[in-house]
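Comments concern the structure below.
The values are calculated or read from the model by the stated rules, or taken from the named source; none is laboratory data. Keep in mind the model is a prediction, meaning the values are calculated, not measured. Here Cβ is always computed from backbone atoms with ideal geometry, including for glycine, and neighbour counts include all displayed protein chains.
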There are 4 protein chains.
Amino acid sequence: MNRIVISTGGGDAPGLNAVIYSVVKSSQARGWEVYGSRSGYRGLLELDELVRLTDEQVRDITPTGGTILGSTNKGNPFAMPVENLAGEIHLRDVSDRIMTNFNRMGFLCHIAVGGDGSLEIAHRFAVEKGMPVIGVPKTIDNDLEATQMTFGFDTAVSTATEAIDKLHSTAKSHDRVLIVEVMGRDSGWIALSSGISGGADIVLIPEIPFNVETICRKITDNELHGKHYAIIVVAEGACAEKSGRIHKKTDKSEIGRQELLLGGIGEWVAAKIRKNSGKDTRSMVLGHLQRGGSPTTFDRLLALRFGAAAVRMAENNQFDQMVSLVNGEMEAVPLADAIKQRKKVPLSSDKIMTAREIGICLGDY
Amino acid sequence: MNRIVISTGGGDAPGLNAVIYSVVKSSQARGWEVYGSRSGYRGLLELDELVRLTDEQVRDITPTGGTILGSTNKGNPFAMPVENLAGEIHLRDVSDRIMTNFNRMGFLCHIAVGGDGSLEIAHRFAVEKGMPVIGVPKTIDNDLEATQMTFGFDTAVSTATEAIDKLHSTAKSHDRVLIVEVMGRDSGWIALSSGISGGADIVLIPEIPFNVETICRKITDNELHGKHYAIIVVAEGACAEKSGRIHKKTDKSEIGRQELLLGGIGEWVAAKIRKNSGKDTRSMVLGHLQRGGSPTTFDRLLALRFGAAAVRMAENNQFDQMVSLVNGEMEAVPLADAIKQRKKVPLSSDKIMTAREIGICLGDY
Amino acid sequence: MNRIVISTGGGDAPGLNAVIYSVVKSSQARGWEVYGSRSGYRGLLELDELVRLTDEQVRDITPTGGTILGSTNKGNPFAMPVENLAGEIHLRDVSDRIMTNFNRMGFLCHIAVGGDGSLEIAHRFAVEKGMPVIGVPKTIDNDLEATQMTFGFDTAVSTATEAIDKLHSTAKSHDRVLIVEVMGRDSGWIALSSGISGGADIVLIPEIPFNVETICRKITDNELHGKHYAIIVVAEGACAEKSGRIHKKTDKSEIGRQELLLGGIGEWVAAKIRKNSGKDTRSMVLGHLQRGGSPTTFDRLLALRFGAAAVRMAENNQFDQMVSLVNGEMEAVPLADAIKQRKKVPLSSDKIMTAREIGICLGDY
Amino acid sequence: MNRIVISTGGGDAPGLNAVIYSVVKSSQARGWEVYGSRSGYRGLLELDELVRLTDEQVRDITPTGGTILGSTNKGNPFAMPVENLAGEIHLRDVSDRIMTNFNRMGFLCHIAVGGDGSLEIAHRFAVEKGMPVIGVPKTIDNDLEATQMTFGFDTAVSTATEAIDKLHSTAKSHDRVLIVEVMGRDSGWIALSSGISGGADIVLIPEIPFNVETICRKITDNELHGKHYAIIVVAEGACAEKSGRIHKKTDKSEIGRQELLLGGIGEWVAAKIRKNSGKDTRSMVLGHLQRGGSPTTFDRLLALRFGAAAVRMAENNQFDQMVSLVNGEMEAVPLADAIKQRKKVPLSSDKIMTAREIGICLGDY
């Protein structure tokens, strides 16, 4: 009888439990056993953190948030922080110990559910250690190449859109500019999608450096047309274009440390607008709300399909590959391709065009 | 200045207003005027049903259900029911009058939002009358060829999944078999998607004729494993396989008129289960709940993109074509291709495989 | 150390698990032990159905639907259906056996969560057998005297209102009369509350016998004012006034068996309207959807307060009494008072007045 | 024919439009005319801001957020900021001009929907100027005396509870302490209600000065019981007890300006916990999300009942009074009583007891 192990790594994403459910049920249908590695690779490192997953463990977990495999950010097995007797922290490569345990348990394969960090580690295990690995893409940012969509993204966009919906009435009632900072360090998928759906006036994304004057002009323009409020959606990684150069968030010295002291880019933009336009401007950070809670129906279904497809790949010995959604169907793509680079919003994307055409200012001109 | 007209036809679908919003805003961005034809083609037939759409008309309509263009089922212009003075109803071809009005108004094109019926009429106007037509696909059943997804579908699946979620606790508390009949006369997309997401035990779709004994065996099997309840999702067009032949719903004489008298296929299945297994079995029809209400974020965004893409096609003179979602991006496909046939769930679809693998009985064996 | 037992009886209601959670945690705070009796009194009858409830059992159950104590409709211990060796069903009084077990376990008291049926049984145990009983009122119908509100009601009204919201757009798009049948055999609380909130045109409740002509007149009136659709909310126990006499649903012979054959009162009203007005009229039964799913925040909080208050009553030896909400605070009322009669909607209630004043027809004139 | 005027004042609250709808419909039922004063009293000051409200204006507004009467914070008519020709701002008493307009329009009465500030102004108009005024209580904080509940509160608590629900999974997945700052400057109703419903570990309210050590002890206690995360809900007006004295937020100098620089009380608590316990601690401010969006079914119904009751009071000449919910029914109470003082959470409230009993730390011991 075959036996597989599943782990969930990286940040929280709605749909993780649905993947686990699906992997367990699909394995059962083949008479296979499934083990869950708690806390990322921890279960493969210390066998008392390895838990047998049966019907009992996965009952009713599909619609729940979080992951039943517990805390996910426990470090890279190739450089794991370990405390020695003196209380000092060292980085240690524990990958061989993991391979030993993996082989001792007789696992057919490891299904690694994670974002680009986790998938890169999985790929390294495949290449360097010969572990039969299958990746399941997970990132609420939707910034993974080689798959049309990742689970968790639809839920994050829905949460952000609902927040924007709620802000409309207050912005309007109080003649305010309200800024919502959403996730997206390198890509603007969440900001752009929720900004379009929620009817934002301005959307700022990392792919398009913004100009503060352009933003203020849009707000003044609104006023002239009798609209005395504005909603701005800003991705956490959005950056200002200034004196011909782009100011990245990672390069904080350029915006000025004291300017960013009070908050993220949302608060920075708020301060600029307050100063330039005199409008009552407030910002809020959606933060963890986007990662948590029950997955939308779309994400549930996608996660369940990913899980079942991963087990199908295991059956067909398709290792060092990742489950992927391609034009609505499941496909297997090499892990190496998936992690090559982050998927950014292409400037030619119809979403960018749609945003501009329905009157959303993207901060550039 | 260009001027275009938009109509919405066929059954209600969440997202219609988002398409209208997007068409109006995208046209404004080009300095174009938009008119809405109320009640399908009625506005092109009687000009007082033609309404100029401006900011005022489309403000805040994106998240709303229904269509601001009013009642949608007003007949086929090539065979319109018209009452004569004697009060008799005749079918009359009013297509030429519509073309006259269309030309008199100087419309650049007609954006027809509708399902296969409406798109077929639009195509006929293009071919027979030379009307520059652009189709926007709308069907909550998702059964249109040539597009990966239609708006309204995600909302319908979400509504059905929420209903299934709610039924779980009652089914469990009362040891009952609960049956939900969902939309899908010719295809099982809604039933299959919501059945997988909602954790149904059995899903019956038109593409797979079902066997009552198979269903009852699954229920008995549940009992043996300590699960004393079951949830069944059945598409309205599902049909039983009986004595070697398939009993279609459209061929009611075979199931027996008296058997279907009390309700649809859901109630028919309930009666069979009650008789065969003695279980307390209830059925409900979700009906209009699936068509109504606010679109999900996914559907909002898709509808907004469709609307903007349609105006882009108008700018490029891409007529007799339909907006389509292909692997996540907008494309134009010939209307003729789109309406050739209904898209059924392919038996090789990974959704079918996923359902079976996670333990859902599809009624066939 | 004190030890108490909790049971949940009667139909499903959102919030049952929140009561259990609160009883367990409040007992722990006092160093007490809690046992749950599975399937109503089954756990007190057969001790292997009695389960010790600890943190583990109640973790994360507050927002869930159903009851972790399992199927709730298992009969009255004073007349329990029992199968003998010959397979015949007899009613047996098992109340003494239950008292023996109750005493053997050394329970301080029994917290009985249920509707009027379950509370009546609890009261009988108190009076006839001397069991120290505390009632917690549960009915989604809100028809219990002696408490301002029961948990489950707000969720049921919310579910019904959401359904009505969804039907509006379809009714409007298709010029239809849509009828929703909601729960309420003896009282119209759900129908009236959801009808007002959801903007129904007509609401029919058991407290006010309706007149079909009045209903049809309202629909015609709508038409004259340019509103070509209508939404009707009807409580399952609503009845028509006919030829001077009231036709109760329980007295089906008067409406005519063949007339009610095809469905409940909703379908009956639909048939009448179709015949009288010729309007396209459809009905749907919300049914179990109202009982299931996650409780609203309001119901969660009320259920948690009820549970904690019940344990407080146990500490103060307030037995044969029921937890009650009186003007927003918790009070103890005699069980005898609570079960005297069903709470109907008083005709002088401001909800009745509000309905009429905002233009809702109640079917009477 | 009678004619009344309605205004909405103060901060945004879900349900304002439902009150307006109900006032308009209830007035129509009596053959009365209704006018809306835009931007608080602005419509009574400048008659072009006074708008006749008919069916057309109020169609479908019941479930919407915000207020159709526009921006609400436009100053106190007894001391209105007015700009003179030199561009200087002066406070001017415009109450007489308002009374002149009120009389010239022949209004029977003014229905003032607002919080304690707006109701105080309304009361002053009644007492000093003889305006026939009827108050409708509105505050999402629920801190108005003389009514069991205000509309908007249930929606705010629901929004906060949903946010807490979403944070649970992330807190758990990442072993974090997450802090949510909710509204409540003077009273802890929202914090306490959402904290109980959402299963928070710690709730901090203005009524109970908190002790940082107590909080840290609770977190350590969680750890010892194997729970490596915690959720803290803190009302914006909560304050620390320090060196025997209470540090109010309004008295920031005592907490230290630099400490509060980076954010509100939530961030202050986060910093303390980070320092004392070393736990990864994050805080977020829910802010405007609590004020916006569609009202819950509960709030819709309450708002509709308030509106109808206000018109009933107008009919009975019950002026200088406020609509109030008393044990589930509508009553009229003197405005003077309503505004005497803010309703705080009584320490003897069963909600306080419930919180403690189910294991929530209130920060005091």
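Quick notes on this structure:
- Residue identified as in a helix (DSSP H, G or I), outside the structural domain of B:Ala163 (by TED's automatic domain parsing), among the hydrophobic types (A, V, I, L, M, F, W, C) and farther than 18 Å from B:Ser22 by Cβ among B:Ala338, B:Ala314: B:Ala338
- Per-region count, the range B:343-361, residues closer than 22 Å to B:Ile179 by Cβ and part of a loop (DSSP other than H, G, I, E, B): 4
- Qualifying residues in the range A:16-32 (those that are buried (at least 19 other Cβ atoms within 10 Å of the Cβ) and more than 26 Å from the chain's Cα centre (by Cα)) - the one nearest to A:Ile134 (Cα to Cα): A:Ser27
- Residue list for the range C:56-94, restricted to those being under 16 Å from C:Val34 (Cα atoms) and in contact with a Lys or Arg (Cβ under 8 Å, 6 or more places away or on another chain): C:Val58, C:Leu69
- Every residue from the range C:1-24 that is in contact with a strand residue (DSSP E or B) (Cβ under 8 Å, 6 or more places away or on another chain) and assigned to a loop (DSSP other than H, G, I, E, B): C:Met1, C:Asn2, C:Gly9, C:Gly10, C:Ala13, C:Pro14, C:Gly15
- Annotation note: of C:Ile215, C:Ile196, the sole residue that is assigned to a helix (DSSP H, G or I), touching a Cys at 6+ places or on another chain (Cβ under 9 Å) and in contact (Cβ under 8 Å) with a residue 40 or more places away in the chain is C:Ile215.
- Considering residues of the range A:42-64 that are touching a residue at least 60 places away in the same chain (Cβ under 8 Å) and hydroxyl-bearing (Ser, Thr, Tyr) only, the residue nearest to the other protein chains (Cβ to nearest Cβ): A:Thr62
- Of note, B:Ala309 does not satisfy the criterion of being more than 10 Å from every other protein chain (Cβ to nearest Cβ) and either part of a helix (DSSP H, G or I) or surrounded by fewer than 22 Cβ atoms within 10 Å (Cβ to Cβ) (or both).
- Looking across the range C:148-172, the residues that are buried (at least 24 other Cβ atoms within 10 Å of the Cβ), more than 7 Å from chain B (Cβ to nearest Cβ) and not aliphatic (A, V, I, L, M) come down to C:Thr150, C:Phe151, C:Gly152, C:Phe153, C:Asp154, C:Thr155, C:Ser158, C:Thr159, C:Thr161.
- Residue match in the range C:50-59 (condition: under 19 Å from C:Met131 (Cα atoms) and of a type outside the set (Phe, Trp, Tyr)): yes
- Filtered residues of the range B:324-337 (kept if more than 10 Å from chain A (Cβ to nearest Cβ) and under 18 Å from B:Cys109 (Cβ atoms)): B:Ser324, B:Ala332, B:Val333, B:Pro334, B:Leu335, B:Ala336
- Whenever a residue of the range C:272-286 is free of Cβ contacts under 8 Å to residues at least 24 places away in the same chain, its partners that are among the polar types (S, T, N, Q), lying with C-beta atoms within less than 7 angstrom and at least six residues away or across chains, give the pairs C:Arg274/C:Thr281.
- Residue pairs meeting the criteria (Cβ under 9 Å; at least 6 apart or on separate chains; first closer than 18 Å to A:Gly292 by Cα and assigned by TED's automatic domain parsing to the domain that holds A:Val212, in the range A:164-185; second buried (at least 24 other Cβ atoms within 10 Å of the Cβ) and basic (Lys, Arg)): A:Met183/A:Arg291
- Residue within the range B:3-15 that is free of Cβ contacts under 8 Å to residues at least 60 places away in the same chain, at the interface with another protein chain (Cβ under 9 Å from one of its Cβ atoms), surrounded by fewer than 24 Cβ atoms within 10 Å (Cβ to Cβ) and of a type outside the set (S, T, N, Q) present: no
- Filter result for the condition that a residue is modelled with pLDDT of 95 or more and touching a Ser or Thr at 6+ places or on another chain (Cβ under 7 Å), over C:Leu50, C:Leu108: C:Leu50
Per-residue answers, yes or no, for (1) touching a strand residue (DSSP E or B) at 6+ places or on another chain (Cβ under 9 Å); (2) over 18 Å from B:Tyr365 (Cα atoms):
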residue	(1), (2)
B:Leu167	yes, yes
B:Thr170	yes, yes
B:Arg176	yes, yes
B:Trp189	yes, yes
B:Leu192	yes, no
B:Ser197	no, yes
B:Val203	yes, no
B:Pro206	yes, no
B:Asn211	yes, no
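- Of all residues in the range C:335-365, those being closer than 30 Å to C:Tyr35 by Cα and either free of Cβ contacts under 8 Å to residues at least 40 places away in the same chain or crowded, with 17+ Cβ neighbours inside 10 Å (or both) number 3.
- B:Arg30 being within 12 Å of another protein chain (Cβ to nearest Cβ) and modelled with pLDDT under 95: no
- Flag if D:Gly106 is crowded, with 21+ Cβ neighbours inside 10 Å and either in contact with a strand residue (DSSP E or B) (Cβ under 9 Å, 6 or more places away or on another chain) or not charged (D, E, K, R) (or both): no
- All positions within the range C:174-192 that are under 13 Å from C:Val157 (Cα atoms) and more than 14 Å from chain B (Cβ to nearest Cβ): C:Gly184, C:Gly188, C:Trp189, C:Ile190, C:Ala191, C:Leu192
- Spans of strands (runs of 3 or more DSSP E) in the range A:84-140 with at least 3 residues within 19 Å of A:Val51 (Cβ to Cβ): A:109-114
- Of all the numbered requirements in (1) at pLDDT below 90; (2) at negative phi, D:Gly70 misses one, and that requirement is (2).
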